[in-house]
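S.K.: I have a structure here, written as structure tokens, and I will follow up with some questions on it.
The values are calculated or read from the model by the stated rules, or taken from the named source; none is laboratory data. Computed from a predicted model, the values in this text were never measured in an experiment. Cβ: placed from backbone, ideal geometry, glycine included. Neighbour counts: every protein chain shown.
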Amino acid sequence: MAARTQFFPSRTIGWYMARLFLVRAIAVLAGLALILQTLDMLGESGRVLAYPGNGDAELWRYVGLRLPQIINRFLPFSVLLGALITLATLNQNSEVIAIKGAGISAHQILAPLVLASLGISVVAFTFNERVVVRATAALNAWESADYGPVEKGNEALNNVWVRDGDDILHARSVIGRGERMRIGVIEIFERNGGELISTTRADGAVRDGQGWKLTGHIRHFNVTRGVPAERPSAHFGENIRPDQFSLSNIKAEERAFLPLLDAIHDLERAGRPTSALRAGLWHKISAPLSVALMPFLAGVAAFGLARSGKLFIRAVIGMGLGFAYFVADNFALAMGNLGAYPGWLAAWSPLLLFLMIGQLVLVMTEE
């Protein structure tokens, strides 16, 4: 009876189960990352090498930037498979029966796996904050430049789109803030009633009074006549504020938690919608915590008699619950991006829902 009053089983059993679980989860993650990275390279290497001068060094750079994204995305699934393999093996070898025979409950059996998963969650959050967001920002900028040279700087933004009335502006790179902002390689698409009438491309642009001044070589093309033409003036965008460039290209996956929170406050002060970014903000916490949910979803494979022939079915059910969670999480996040759900609800509702489902399944399937 005393064993049931403790949250964890004995130290020996707890360490034994946690070690089995961690080894299997890491092995599954390594295998998935290797396979998925290889497949991704097969599809993307042609684009990387298409830029003149790119070679093996650029391919390895792509791997270095893409691999953190793959690890971050498939870590919860790897933990789920690791928990399923561990619990199914323990059940198959009748070790679960022996542990329960010592008076240890189902939640105590899962407790070492949950504690290990919480540790993985902390590592996943830190890895995302320190590595993944930087790799994602660098890879997105590199892809926007067709895997060519990318403008670098402490505050550099790449591939920024801004709308000025009917006109659309595309900045290849934006460096600095406020009146000191400098734009590199800008394209201006002038439209009238939604119809394109002319395009202008310049090597750069700088702030000039209330507007902007094109710099370097300027190329103007009259679409209506189909011939190059002289641009009437090198000035443009009297109504475009510098913050329209700095706030128009904010992506949740490219910023850590606190910088993203500051950007959301800036957007709110500018009167911009922030529901999609708030969903991404809270998802930075709920996504790593979903790792700790996986042992509960895999717990269905731990209990029940292995000789009944239903162990494989139980493992499939656990895997199905995990897939269902990922589908629900992506759906809720999409609803949050569309503004249909509040940001906090989109990030936390799948986690809380499947935590309750995992507890219900665990109670109902334990024999």
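S.K.: So which residues in segment 227-253 are under 16 Å from E268 (Cβ atoms) and of a type in the set (S, T, Y), if there are any at all?
M.R.: The answer is S246, S248.
S.K.: Out of curiosity, is I218 buried (at least 19 other Cβ atoms within 10 Å of the Cβ) and farther than 30 Å from A124 by Cβ?
M.R.: No: the conditions fail for I218.
S.K.: Tell me, please, whether a residue that is small (G, A, S), more than 30 Å from L139 (Cβ to Cβ), exposed (fewer than 12 other Cβ atoms within 10 Å of the Cβ) and touching a residue at least 24 places away in the same chain (Cβ under 8 Å) can be found in segment 177-184.
M.R.: Scanning segment 177-184, I find no residue that is small (G, A, S), more than 30 Å from L139 (Cβ to Cβ), exposed (fewer than 12 other Cβ atoms within 10 Å of the Cβ) and touching a residue at least 24 places away in the same chain (Cβ under 8 Å), so the answer is no.
S.K.: Limited to segment 231-256, what total is found for residues that are closer than 14 Å to V133 by Cβ and assigned to a helix (DSSP H, G or I)?
M.R.: Number satisfying all stated conditions: 3.
S.K.: Another question, if that's okay. Report whether or not R19 is touching a residue at least 40 places away in the same chain (Cβ under 8 Å), among the charged types (D, E, K, R) and either part of a helix (DSSP H, G or I) or surrounded by 13 or more Cβ atoms within 10 Å (Cβ to Cβ) (or both).
M.R.: Against the criterion (touching a residue at least 40 places away in the same chain (Cβ under 8 Å), among the charged types (D, E, K, R) and either part of a helix (DSSP H, G or I) or surrounded by 13 or more Cβ atoms within 10 Å (Cβ to Cβ) (or both)), R19 does not qualify.
S.K.: Any idea which of (1) more than 21 Å from the chain's Cα centre (by Cα); (2) under 30 Å from P295 (Cα atoms) is the one V48 doesn't satisfy?
M.R.: Single failed check for V48: (2).
S.K.: Out of I264, I313, report the one residue that is assigned to a helix (DSSP H, G or I), more than 26 Å from E190 (Cα to Cα) and more than 22 Å from the chain's Cα centre (by Cα).
M.R.: Exactly one of I264, I313 is assigned to a helix (DSSP H, G or I), more than 26 Å from E190 (Cα to Cα) and more than 22 Å from the chain's Cα centre (by Cα), namely I313.
S.K.: Of the conditions (1) farther than 30 Å from V131 by Cβ; (2) modelled with pLDDT under 85, A276 satisfies every one except a single condition; which number is it?
M.R.: That leaves (1) as the condition not met.
S.K.: P259 fails exactly one of the following numbered conditions: (1) assigned to a strand (DSSP E or B); (2) under 30 Å from T126 (Cα atoms). What is the number of that condition?
M.R.: All conditions pass for P259, except number (1).
S.K.: Could you grab me the full set of residues in segment 289-304 that are in a helix (DSSP H, G or I) and surrounded by fewer than 24 Cβ atoms within 10 Å (Cβ to Cβ)?
M.R.: Result: L289, A292.
S.K.: Scan (1) in contact (Cβ under 8 Å) with a residue 12 or more places away in the chain; (2) surrounded by 14 or more Cβ atoms within 10 Å (Cβ to Cβ); (3) farther than 30 Å from P350 by Cβ; (4) not charged (D, E, K, R) for the single condition V28 breaks and write down its number.
M.R.: For V28, the failing item is (3).
S.K.: Give R207, R191 a once-over and let me know the one that is more than 26 Å from R134 (Cβ to Cβ) and touching a Pro at 6+ places or on another chain (Cβ under 9 Å).
M.R.: Sole residue among the options that is more than 26 Å from R134 (Cβ to Cβ) and touching a Pro at 6+ places or on another chain (Cβ under 9 Å): R207.
S.K.: Could we say that F354 is within 27 Å of T89 (Cβ to Cβ), modelled with pLDDT of 90 or more, surrounded by fewer than 23 Cβ atoms within 10 Å (Cβ to Cβ) and in the same structural domain as S78 (by TED's automatic domain parsing) here?
M.R.: no
S.K.: Could you grab me the full set of residues in segment 74-104 that are closer than 23 Å to G322 by Cα and more than 25 Å from the chain's Cα centre (by Cα)?
M.R.: Listed by number, the residues that qualify are I85, T86, L87, A88, T89, L90, N91, Q92, V96.
S.K.: Okay, next question. When residues of segment 49-60 are filtered for being free of Cβ contacts under 8 Å to residues at least 24 places away in the same chain and assigned to a helix (DSSP H, G or I), how many remain?
M.R.: Qualifying residue count for the region: 5.
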